[in-house]
Amino acid sequence: MLNLVCHDLALAVKGNARLKQIQAIHEFLYAQPECGGTGVFLIDEAKHLEDEFLADLRLLSNLEKDGRKLFQIVLVGRPELERKITQPVMRQLKQRIAIRCRVKCLQDEEIEAFITLRLQTFGYEPRLFCASAIQKIGRDSQEIPRLVNVICDNALLIAFSLSLKEVAERAAAVPAVS
């Protein structure tokens with residue numbers, strides 16, 4: 001993971017030595033306040049991170065300049081991430097977490113608004129999903145936002161392939177993925 005971070009930041013590090021990589025990231029982050037920025041490490045699917053990398057993140061989280069943190073870390077993951085962070089070995093990392101947020105399941109009445117908002121985000125205004133399709137999506141997704149997105153994406157592809165102007169219940173009949 002440190003290799004990837006160094007690569008993405010275009011940091012020239014000879015070899016894969018962990019200490020050299022962390023030092024290169026430190027130097028990069030120290031230079032950022034002069035540029036007027038604060039770094040953010042945004043890591044999706046963080047439940048897959050190895051304990052060693054989480055320990056490295058903890059070390060990086062100590063970086064400060066003039067009493068201000070040089071970057072923020074945002075870990076995004078499913079409930080497995082929370083279980084991982086609550087392990088005794090992760091105690092020091094857990095102590096550094098300032099904010100925890102949990103996306104809850106949508107309520108029945110929120111499914112349509114969620115779908116509409118997602119469509120509007122991409123510039124689409126008219127109603128694309130019929131009421132029965134929205135109900136089916138809510139049931140099949142178990143009202144989990146990520147699964148609502150997956151089912152809607154598949155339903156839109158099916159509706160397109162069937163030349164439908166509105167996603168009908170039969171187009172929304174996509175098995176949910178866990």
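The values are calculated or read from the model by the stated rules, or taken from the named source; none is laboratory data. What you are looking at is a predicted structure, and each value in this text was computed from that prediction instead of being measured. Cβ atoms come from the backbone with ideal geometry, glycine included; neighbour counts cover every protein chain shown. Only protein heavy atoms, including side chains, enter the accessible area calculation; ligands, DNA and RNA are left aside. Shrake-Rupley method; radii C 1.70, N 1.55, O 1.52, S 1.80 Å.
Observations, loosely collected:
- Within the range 49-81, restricting attention to residues that are surrounded by fewer than 14 Cβ atoms within 10 Å (Cβ to Cβ), within 16 Å of the chain's Cα centre (by Cα) and modelled with pLDDT of 85 or more, the residue that is farthest from His26 (Cα to Cα) is Glu80.
- Any hit, the range 96-118, residues being more than 26 Å from Leu19 (Cα to Cα) and aromatic (Phe, Trp, Tyr): yes
- Residues that are open to solvent by 70 Å² or more (accessible area, probe 1.4 Å) and of a type in the set (A, V, I, L, M), drawn from the range 35-48: Val40, Leu42
- Residue in the range 30-46 that is under 14 Å from the mean Cα position of the chain (by Cα) and in a helix (DSSP H, G or I) present: yes
- Here Ala155, Ala172 are screened, and the one residue that is crowded, with 16+ Cβ neighbours inside 10 Å, touching a residue at least 40 places away in the same chain (Cβ under 8 Å) and either hydroxyl-bearing (Ser, Thr, Tyr) or touching a Phe, Trp or Tyr at 6+ places or on another chain (Cβ under 8 Å) (or both) is Ala172.
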